[in-house]
Amino acid sequence: MKRRHLLAAGLGSLAAPGLARAQAKYPDHPIRLVIPFAPAGPTDIIGRKAAEKMTALLGQTWVVENKAGAAGSIGAVEVKNAKPDGYTLLCAPSSTHAINPTAYVKPLYDAVKDFTPISSICVNPLVLVARPEMPDTVMGLVELMKKNPGKYSYGSSGAGSILHLAAEYFKREVGGMDVEHVPYKGSMPALQDLMSGQIVWMFETFSTTLQLHKAGKVRILAYAYSKRAAIAPEIPTMIEAGVKGYEAYTFNLILGPAGVPQPVVDTLDQASRKMMADPEMVKFLEDIAAVPATDTSPERTAKFIRDEIAKWAPVIRSAGVKIE
């Protein structure tokens, strides 16, 4: 009996270092980063840059896979159902982890419980953009809309999109406006109709509209973030323009499926911190009008997701957005 106890104790002492060595090997083969949208969009561009940086930092290739469909839900479900070993991760945008949880009548996943927060990369603030002949201030535009109920229309990339919800949030925060919503299949057709005069205002990403603004084809009235953009400091924030507390943006996070072991999370967290402290990465994000995350921790990422869901849920419900 005593010999068996000694043998068990000996095996136990050997098991712990063996487990530690196994965990210390992570990653020992390529990591798959799922982008829940088609190539060439903002999430794809940012995700691929993060994959490039994390490949160099971890010494293992990050392989990007685009899994588009259902407003990002196809890619999110792919990661949710993956083995929680740190080798399948999600580059999560606002659609999958701020909008879909409330907008879908039957969500395909739980945005909080089904994922392990790893890191925050950036937010991508939107801008309020209007036809050049419209008033040149936010409150001037609001006044015109209120004086002419039902006369004007605004566009978006589709019902339930962040561009639609940003406009609904804006309408709510300025006391309501009787203005028609024209949903498009993507933001580019909406922007084209804005320039041709079919609609008069919309929310859009800063990087998409800045050059058009400088060329005089559209007018950016305000930047929907708490601080002005370094690349266009002359443009006021929505808060400065008179809409108290207003911020609207997309974002990009790195998440794993629920249950990723803490040592693996710690390894990814440490690498992410180094990535986001890299001046080249910061410049890359700022050059595309994104705001780099200053606190990339898993804890901050988890809180950010909860806060974003809580922020957009009442806007989604009041707008009557229901995706079957």
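With the convex hull of its Cα atoms as the shape, the range 189-324 has an orientation-averaged projected area of 11.2 nm². The GNM of the chain, with springs linking C-alpha atoms under 10 angstrom apart, assigns the highest mean-square fluctuation among A111, A293, A277 to A277. Backbone N atoms of the range 191-229 closer than 12 Å to the 7 Å Cα→Cβ label point of K311 belong to residues 224-227. The length gained on full extension between A159 and E143, counted as 0.36 nm times the residue separation minus their Cα-Cα distance, comes to 3.3 nm.
Which FRET efficiency value, to the nearest 0.05, do you get for A38 and E173 by plugging their Cβ-Cβ distance into 1/(1 + (r/R0)^6) with R0 = 30 Å? If you can, show how the numbers build up before the last one.
Values: r = 32 Å, r/R0 = 1.06.
Once rounded, the FRET efficiency stands at 0.40.
Applying a 10 Å radius around every beta-carbon, put 119-132, 301-314 in order of their mean neighbour count, most first. Please report the intermediate quantities before stating the final value.
On the way: 119-132: 23.9, 301-314: 17.0.
Averaged packing, sorted descending, gives the order 119-132, 301-314.
Ligands, DNA and RNA left out, the accessible area of the chain computed with a 1.4 Å probe is 55% carbon and sulfur. Near the amide H of I31, within less than 5 Å, lie the amide hydrogens of T61, W62, V63, all on another chain or at least 5 residues away, with H placed in the peptide plane. Remark on V182: its backbone amide H falls under 5 Å from those of Y154, G155, S156, a criterion applied only to residues 5 or more positions apart or on other chains, H modelled at 1.01 Å from N.
The mean of 1/r over all pairs of different alpha-carbon atoms in the chain, once inverted, gives a Kirkwood hydrodynamic radius of 21.1 Å.
Listed by chain and number, the lysines whose C-alpha is less than 25 Å from the C-alpha of K274, apart from same-chain residues fewer than 8 away, are K25, K49, K53, K227, K283, K303. Each principal axis of the Cα cloud of the range 119-236 was taken in turn, and the coordinate range along them, longest first, works out to 41, 28, 28 Å.
Given a 1.4 Å probe, how much area per residue of the chain is accessible, in Å²? List each step's numbers first, then the result.
Values: 14750 Å² over 324 residues.
Using a 1.4 Å probe on heavy atoms only, each residue of the chain averages 46 Å².
The values are calculated or read from the model by the stated rules, or taken from the named source; none is laboratory data. Bear in mind the structure is a predicted one, so any value in this text is a computation, not a measurement. All Cβ positions, glycine included, derive from the backbone under ideal geometry; neighbour counts span all protein chains shown. Just the protein is used for accessible areas: all its heavy atoms, side chains included, with ligands, DNA and RNA removed. Shrake-Rupley method; radii C 1.70, N 1.55, O 1.52, S 1.80 Å.
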